[in-house]
Structures are given as C-alpha cells and as structure tokens.
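A short worksheet on the structure shown next.
The values are calculated or read from the model by the stated rules, or taken from the named source; none is laboratory data. Bear in mind that the values here come from a model prediction, so they are computed numbers and not experimental data. For neighbour counting, all protein chains shown are included, and Cβ atoms are generated from backbone atoms with ideal geometry for every residue, glycine included. Note: accessible area is taken over every heavy atom of the protein model, side chains too, but ligands, DNA and RNA are not part of it. Shrake-Rupley method; radii C 1.70, N 1.55, O 1.52, S 1.80 Å.
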Amino acid sequence: MEFETLCLHADLNIKDEWGTLNQAICQSATFVHKGVDEVSLYSYSRLSNPTRRHLENTVRKLEEGYDAYAFSSGMTAITVAMLLIEKNSHVIATDDLYGGALRLFNNVSKDRQIEFDFVDTSNLELVKSKIRSNTKLIYIETPSNPLMQVTDIKEIAKIAHENNLLLFVDNTFLTPYYQKPLNLGADIVIHSGTKYLGGHNDTLSGFVVAKNKELADKVLFYSKTIGGQLSPFDSFLIERGIKTLPIRMDRINENAIKIASWLKENPKIKKVYYVGLNDFKGYEINKKQSKGFGGMISIEVESESLAKKILKDVKIFQYAESLGGVDSLITYPMLQTHADVKKEDREKRGINERFLRISVGIENVNDLILDLKQAIG
Ligand SMILES: *Cc1c(COP(=O)(O)O)cnc(C)c1O
C-alpha cells in the first residue's frame, strides 16, 4: 500500500462484531480474562488498549519501524525515550532544539547524571569532535526549531553507528509523509503528534517509534512502568487526523513555499528561514532526504516594534504557540518557546526581539499573504 492509503488502512485488523468502519473507542481500563491459563490480547490499558494499538500500528507502518508507542504528549514520548540512556552517559544534541526538550535535558536528564553537548548537528565534523568514551546518543531535530538547521540524517547515522551510539530523530516538523529517519539510519523516531499528525490543534499526543525489537521492548518496558499513555478517545482523534495527513501536508507545503517567497521580497523582512527556499543553507540536504519542506517559516523583521505590530494586527494568522495544525499560527519565540533559554544564548543564535515563527495552515494562500501584508503595513 502507498502512504496515502496506509493513512486510512494501515491496520485492517479492526473488524469487530458491529462492523464499525472506524476503530471503536474502547473506553475500558481493564479486560476480562478468558480463562485461568488462556492468554488474552488485552489485559490492562496501561499495557495496551485496542484503540491505542490501532493508532500505534498505523504510525509504525507510516514510519516503517518495528513498533510504535503512543503517549499523552510529545514530552512524555521524549521522557520515555531518554530512559533508554543509562546514567553517567554523554549525549550530543542539536543546539536548536524544541524548548521543552532543552528544559527536559537540562534538568530531568541532568539529574540522572546525563551530560549534554549542544552543537549545530548540521556540522558533522563538530559532532565527531564531541564524541567521548561515554557518549551513548546523538539526538537531533531536522529541520530544527526555530532556525531550520538541516542535519544530514544518513551521514549522522553513519557517525553514530561507527561509534556505537544510538541516533534519535524528532520527526515532528516533516512527518513520515516527507521524511523517514528510520530508513535513513535512525534508531528511534520521536513525534509530538500534537502537531501535524493530529493536525487540528485540539489534542496532545506523542510517539516513540523503534527500529528493532530490542529497542521496542525497552520502550514498552519503560512505558508500562511509568504510564503516560494516550487515552482511547485521544487515540481516536489522532487516528482521524492522520487520515488527512498527506492532503494537509501538500497544501501546507504549497502555501509555505508561496508565503516564504513573498516574505523574501518584502524589504521589511530582513531574513527568511525556510528550507524550501533554494538559496537557504539546508535546502540541498533537506531535498535529498525529504520529499517536502513542511510549513514552518521563521523570519527576522526590521525592528522590534514591527514584530509586535505583526502579532497585534494579524487577523487570520493567530498569535499562538504550537504548530502543525490546519490553522495558521504565529509566535514570538523569545517570549514563548524560548522563554527559558538564557537571553545571551538565544540572541547569539538570532532569536531576538525581531524574530517570529510562523506555522502555515491550509487556508487560501492569498488570504494569508494579504493578512501578512496588512499586518506588516
Ligand atoms: C511540540 C513539540 C514537542 C513537544 O510535544 P508536546 O506534544 O507539546 O508535548 C517536541 N518536539 C517538537 C519538535 C515539538 O514541536
């Protein structure tokens, strides 16, 4: 089956006695055993639940992994995945990470005596130079958030495996429709399903997809030990979102290319960060490893007052955190996603008071451009 079909029919094993077309929402914490010595498919919903399992099977097939597990948020997924890394280990991670991941690594992971080097992972030589005897993991986002740095997944996987390290890739921005890190050599793929997979800004969720049985068994062990699984109803909502993932991504990608190109021609916009612009730094590598560019655009405008005016005056774009939904959003990383990052650290990388991040939705692109035009003034 091709990807678009898998989004609807990845798990055909859903026929129940009513013949429901959609996987029924199985709102049960526990399941009745058939007999003393008979193994049942389900026993308790922290271990597994039919609605959640159906969704996990879909995501596993879309990412072409060995198995997938669904959690109540992207952060829960990252937390569980990081438990695969034993204490006293060293990790090399993208410096331009999702703010929540940075907070987790700098606090909770650090408390487990895990040390981090945050570097620009698009620089392969720099990554190599950071490897130590206790390095266990390379953790990347590509394109990164919000600077859209592109890391060559195949090359970084080669470095990881030559040195016996694991490679985790947060694939939230491009989704398996555009990019399949496991096929490029990653060991674990992580998602905030809250974003493009769910796609409607209405449900939090997260996924960990493992390449092989050994890693999948470890994820399941920590998952059943800790909890934090996705509820049956939320599993249903994310599954419903995934059915339209390809057509949403197509429209978002098309809109984003037009908006980024338009922004680039506007003299009040000093810099446009979008991997779909053919003179953007990561363009070639992204094109090589992905089938699309996605809908995330960052911009640096000419002044702080203009950044604030745009946030105040947009009418269709909504000034809100998050990304990946059908609605176009705009956010101020300095005040939202990167509020916890030290001022000098973020400013050094260009995340200053003139910097905005846009998540392009599926509205008519002319309306979106007109909205930006009137807000920029
Ligand atoms: C939002 C996000 C997360 C965290 O996911 P939640 O569902 O909000 O917990 C992790 N990684 C990336 C890239 C994200 O955009």
Exercise for review: Can you run down the residue pairs with Cβ atoms below 9 Å, 6 or more apart or on separate chains, where the first is in the range 324-339 and among the charged types (D, E, K, R) and the partner is more than 12 Å from the ligand (Cβ to nearest atom) and open to solvent by 20 Å² or more (accessible area, probe 1.4 Å)?
Suggested key: Asp327/His200; Asp327/Ile316; Asp327/Gln318; Asp327/Ala320; Asp327/Ile362; Asp327/Glu363
Review point. Among the residues of the range 197-218 satisfying the criterion of being surrounded by 23 or more Cβ atoms within 10 Å (Cβ to Cβ) and of a type outside the set (Ser, Thr, Tyr), which is farthest from the ligand (Cβ to nearest atom)?
Key: Ala210
Review point. So which of Lys195, Lys224 is within 18 Å of Ile78 (Cα to Cα) and assigned to a loop (DSSP other than H, G, I, E, B)?
Key: Lys195
Point to revise | Residue that is farthest from the ligand (Cβ to nearest atom) [pool: residues in the range 331-349 that are open to solvent by less than 20 Å² (accessible area, probe 1.4 Å) and within 20 Å of Ala256 (Cβ to Cβ)] | key: Tyr332
Point to revise | Lone qualifier among Asn171, Asn164 - being more than 20 Å from Ile330 (Cα to Cα) and more than 11 Å from the ligand (Cβ to nearest atom) | key: Asn164
Practice item. Within the range 51-66, track down each residue that is open to solvent by 10 Å² or more (accessible area, probe 1.4 Å) and of a type in the set (Ser, Thr, Tyr). Key: Tyr66
Point to revise | Conditions (1) in contact (Cβ under 8 Å) with a residue 40 or more places away in the chain; (2) closer than 24 Å to Lys87 by Cβ; (3) open to solvent by 10 Å² or more (accessible area, probe 1.4 Å): number failed by Lys130 | key: (1)
Review point. Looking at the range 178-192, which of its residues are more than 13 Å from the ligand (Cβ to nearest atom), surrounded by 20 or more Cβ atoms within 10 Å (Cβ to Cβ) and in a loop (DSSP other than H, G, I, E, B)?
Key: Lys180, Ala186, Asp187
